[in-house]
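Quick notes on the structure that follows.
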Amino acid sequence: MAAHEKFHFKTLAELKQKLEDLGLTLPMDENFSQLFKPLETPKFNLPNRFVVHPMEGFDADHTGAPQALSFRRYQRYAAGGAGLIWFEATAVVEEARSNPHQFYLHQGNVKVYQKLVEQTLQVAKSEIQQRPLLLVQLTHSGRYSKPYFKPRPIIAHHSAVLDPRHNLPADYPLITDDELDALQDIYVEAAGLAFEAGFDGIDLKSCHRYLVSELLASFTRENSRYGGSFENRTRFLLETLAKIHKRFPDKIISTRLNVFDAISYPYGFGVSPEDYHLPDLREPIELIRQLKALGVPLINITIGNPYFNPHFGRPFDFPIKNANLPAEHPLEGIVRFTEITRTIQQTFPDLPVIGTGYSWLRQFLPYIAAGILKTGGAQLIGQGRGMFAYPDSIKDLKEKGEMNPRKVCVTCSACTQIMRDGKNTGCVVRDSQIYGPSYRAARQFAKDELLQEAQRCRDCLYPTCQDGCPAHVNIPGFIKAFAEGNISLAYKHLAESNLLPEICAYICPADVQCEGGCVEKIFCGTSVRIRDIQRMVSDEARVQGLTRIHFPDKLTGRKVAVIGAGSAGLTCAASLLQRGHSVTIFDARAFPGGIVRSLLPEKRISYQNVDSEIQALFQDIPPTHLAWRLGFRLTETSNLDTIATDFDAVFLGLGLSEGIRMFEDNPQNVIDALEFLEKMKAGDKYRVPDQVAVIGGGNTAMDAAVVAKNAGARDVYLIYRRSFAELPAWPNERDEALNLGVHFLILSQPVGYVADENQKVNAIRLGRTTLGEPDASGRRRPVLIPGTESELPVQLVIEAIGQRTPANLGKILPGIKINRNGLVETIDDSRTTNRPGVFAGGDIINGGATAVQAVADGLRAADEIHEYIMRQ
């Protein structure tokens, strides 16, 4: 074998010379006309010899329905001119998805697929005046099933080669024969839905070590109708296709088939028992013979396993992160693949075989493709990665006689990397505007990247990062444990000081708290990515079941009421439950999570993010000891007195529920930021107009401005009466708004609104300000400059100048001392109020801070409550 080498050929002569130097041969022909010769068969006709391979974009919604990027991808393929478009792997059951955003066809979304087919054909007809054949690949991901972001392998046999890579124990269960019998019928129903959607045919995916491919190699599956003998191992594929063909005799049935796994025997199909690097095609050829007899009119050949030995089927310049380069030249892999395909095609000369594995050849692909067709090495030419990068390559070749070297796939493996990291995938290099940000975002939270990041932690004796955390989390402790692969210990360090670390990792201003104090920022300019590591640790711990709190065997018999199910209340409740007290949680909303769940934009934290951590935290607590009174609102009649009589102690974790308004009388379309954000997150049909004004300079103002901009507003004006330097918003929040194009109108003060004849706002009156002496906040006081008023046309005003407690707070909390800022007053530096047995924390005592500060308040209050009630 020759050493691996990157593609560096500018001329065809250079490529030929390299082949000669390596002692290799690839057929070549400069007559490309045969690539555009129609293929006519008794079952189907194709306008040319090009095939788009099934390349997954992982851009379906949670139901498995194609979304905007999916439609875009197939419309680009259609406009590019391929004769056959082989639609990507589409799961037949939810648990069979290899990614939460993989296509999944079912009765509930078949009309979306129908629309996808229709629009693909419409584009082909209008752009290139041809009708491509459309097949869809039906799949079960088997050992690579990952329907909910975490692996949930479904395996057909145990493999000494692959099981260790998935950390599967020897007693990990196999899919049963009964389950496989039932799965056959599921495939038949899925095929029916595919035909209902308008596809011309289906592919029962049998490659790349997904479930059906694994069955073909199930030599060691004992006492099973689906393992051991050749007849048993091929049973599922043959019987299922036979059922589909019988029910839909006029439709095309096919398979993308692994004919050479390149995995050692007895765990690989199509391999030499003596040397798995060598193919043994006797069984694959016999299987294809039976498929042909069954009515399969074409076959798509592939080899290798993209997860284990990707260079066999996809020679590349660069592997995915932390993978090794293969010990062979990419041209050796291409020659091997083409010869395997040639053997199949020449064994079945009247069965169209699709060749593949050509992307590394880049702009010289047409020469080899033409040579393969001319010499009978295949009848059709498939492109996978190449079509991600260059969907109009066929059109360019037909019209210009060549492929553009600046548009071809560069075999960088980034499309694979982005998929492994759990994001939508496409060509990161050639389609960078779409997939560049996704790639970078995926890498940001990739475990291998974060493990390297954790190595930067200096494990300081007196950590300044910890000083910046309101909860004083043992940051070096959890980062060191994560770096050592100990998720359990890492989470234990987190949970000692923060029972909601996952939520905090999504929303806390780490750049001004923990990361702002990291000494690495001094040395390197960037801090250790503490928040990202915390997010990964919390997520993995939750999936492993490590985040649930445990109710002790010995109970105290004490009962505590927690009013407010935000960060402070939930933390306080969890800490009290761990000590054996019973807790009842009251909240005005119909769900726990407070403003974090209801108001913070979906882009920052989703409902699912919040719900997952809360549900996991409390899932082991019996209802006899944890009661939820959701939808309960404190009033002047149902006040603190009515609750306190039934409990040994009460914690007040109410938030700031009302926005401060600029003026008493407002026209229509002047809305408080809290109301606006809640409506937008809930998906209410709230039309955002072209011109929007946001008044304020804090984080809520930035959230409102960003949400309005992302919702389609052409111009969003952020109006702030002080200078840029005085903006109280966190730097990252401020910069996001700036980068989106929000207009910052600083040193500007609203003095009134202008309404139209329908009493709807159509302008805001602004005056210019200058800065005077500092006020009580420590910032320079804005001074309105007389005679500087002007009108700014807007159709929506969002007021984000602050939040407050209800005006009747003293009446709904009788006996509680309220300070001059309208907040609950606590004694000295404690969380104890002036009313015995009542404690408070979070926004209601500090006027609004961070979630992690609320968590710290909740934990501290729980300590004080426990001490109080155990003394009674």
Exercise. How long is the gain from GLU773 to GLU402 if the chain were fully straight, where each residue apart is worth 0.36 nm and the alpha carbon distance is subtracted?
Worked result: 126.5 nm
Problem set entry | Scattering curve values for region 757-838, log₁₀ I(q)/I(0), Debye with Cα scatterers, q = 0.18 Å⁻¹ | -0.93
Exercise. Tell me, what is the 1.4 Å probe accessible area of TYR148, in Å² to the nearest 10?
Worked result: 100
For this session: With an 8 Å cut-off on Cα pairs and a minimum separation of 6 or more residues, tell me the relative contact order of region 281-384 in percent.
Result: 28
Exercise. Rounded to the nearest 0.05, what FRET efficiency is calculated for GLN619 and ARG820 with R0 set to 51 Å and r the Cβ-Cβ distance?
Worked result: 0.75
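May I ask for the net charge around PRO249, where only other residues with Cβ less than 13 Å from the Cβ of PRO249 are counted and Lys, Arg are +1 while Asp, Glu are -1?
+4
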Seminar exercise, completed: For region 486-644 the mean separation of alpha carbon contacts under 8 Å (6+ apart) over residue count, i.e. relative contact order in percent, is 23
Seminar exercise, completed: Sorted on mean Cβ neighbours within 10 Å (highest first), peptides 412-421, 565-574, 132-141 come out as 565-574, 132-141, 412-421
For this session: Compute the whole-percent fraction of alpha carbon pairs in region 660-724 spaced more than 17 Å apart.
Result: 39
Problem set entry | Given LYS150/LYS205; LYS243/LYS395; LYS554/LYS681; LYS111/LYS398; LYS146/LYS709, the pairs whose alpha carbons are separated by over 31 Å | LYS243/LYS395; LYS554/LYS681; LYS111/LYS398; LYS146/LYS709
Exercise. To the nearest 500 deg cm²/dmol, what mean residue ellipticity at 222 nm is calculated for the chain from DSSP H runs of n ≥ 4 alone, each contributing -39,500 (n - 2.57), summed and divided by the residues?
Worked result: -10500 deg cm²/dmol
Problem set entry | Contour minus Cα-Cα distance for GLN107 and LEU12 (0.36 nm per residue) | 29.2 nm
For this session: Just the ratio, please: alpha-carbon radius of gyration of region 191-346 over 2.2 N^0.38 Å, N its number of residues.
Result: 1.09
Exercise. On the accessible surface of the chain, probed at 1.4 Å, how many percent belong to carbon and sulfur atoms?
Worked result: 49
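Length gain on complete extension for the stretch GLN544 to PHE724, per 0.36 nm per residue less the alpha carbon to alpha carbon distance?
60.3 nm
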Exercise. In whole angstrom, how far apart do the alpha carbon centroids of region 33-92 and region 621-693 sit?
Worked result: 50
Exercise. What accessible area per residue, rounded to a whole number of Å², is obtained for the chain using a probe radius of 1.4 Å?
Worked result: 41
Seminar exercise, completed: A correct Kirkwood calculation over the Cα atoms of region 566-612 returns a hydrodynamic radius in Å of 11.6
Problem set entry | Pairs of alpha carbons in region 30-172 whose separation is greater than 18 Å (percent) | 62
For this session: Post the alpha-carbon centroid distance, region 229-308 to region 8-32, in whole angstrom.
Result: 32
Problem set entry | Semi-axis lengths (Å, descending) of the ellipsoid that matches the C-alpha gyration tensor of region 37-108 | 27, 14, 9
For this session: Determine by what factor the alpha-carbon radius of gyration of region 404-469 differs from 2.2 N^0.38 Å, reporting the quotient.
Result: 1.58
Exercise. Once you put a point 7 Å from the Cα of VAL519 and another 7 Å from the Cα of ARG225, both along the Cβ direction, what distance in nm separates them?
Worked result: 6.8
For this session: Give me the Debye-computed log₁₀ of I(q)/I(0) at q = 0.06, 0.07, 0.08, 0.09 Å⁻¹ for the chain, equal point scatterers on Cα only, no solvent, two decimals.
Result: -0.52, -0.69, -0.86, -1.01
For this session: Provide, in order from the shortest bin, the percent of all Cα-Cα pairs of region 591-670 in each 10 Å bin, continuing until the bin that contains the maximum pair distance.
Result: 12, 32, 34, 17, 5, 0
Exercise. Considering the Cα trace of region 413-558, what is its radius of gyration and what is Dmax, both in angstroms?
Worked result: 17.4, 65
Problem set entry | FRET E, pair HIS743, ASP611, Förster distance 35 Å, beta-carbon r, rounded to 0.05 | 0.45
For this session: Using R₀ = 30 Å, calculate the FRET efficiency as 1/(1 + (r/R₀)^6) where r is the Cβ-Cβ separation of ASN732 and ALA588; round to 0.05.
Result: 0.50
Exercise. Modelled label-to-label distance, ARG282 and ASN486, 7 Å Cα→beta-carbon offset: nm?
Worked result: 5.4
Exercise. Two-decimal Rg/Rh of region 326-444 from alpha-carbon positions, Kirkwood Rh?
Worked result: 1.03
For this session: Show ASP459, ASP200 ordered by accessible area, largest first, where the area counts protein heavy atoms only and the probe is 1.4 Å.
Result: ASP459, ASP200
Exercise. Once both labels are modelled 7 Å past Cα along the beta-carbon direction, what's the LYS679-LYS760 spacing in nm?
Worked result: 1.2
Exercise. With the calculation restricted to Cα positions, what are the radius of gyration and Dmax of region 298-392 in angstrom?
Worked result: 13.4, 43
For this session: State the Cα centre-to-centre distance between region 516-542 and region 187-204 in whole Å.
Result: 47
For this session: Quickly rank 747-753, 97-103 as a protection proxy: mean count of other C-beta atoms within 10 Å, highest first.
Result: 97-103, 747-753
For this session: Pairs of Cα atoms under 8 Å, at least six residues apart: use those to get the relative contact order of the chain, whole percent.
Result: 8
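The values are calculated or read from the model by the stated rules, or taken from the named source; none is laboratory data. No experiment lies behind these values; they were computed from the predicted model shown. Neighbour counts run over all protein chains shown; Cβ positions are idealised from the backbone, glycine included. Note: areas computed on protein heavy atoms with side chains; ligands, DNA, RNA excluded. Shrake-Rupley method; radii C 1.70, N 1.55, O 1.52, S 1.80 Å.
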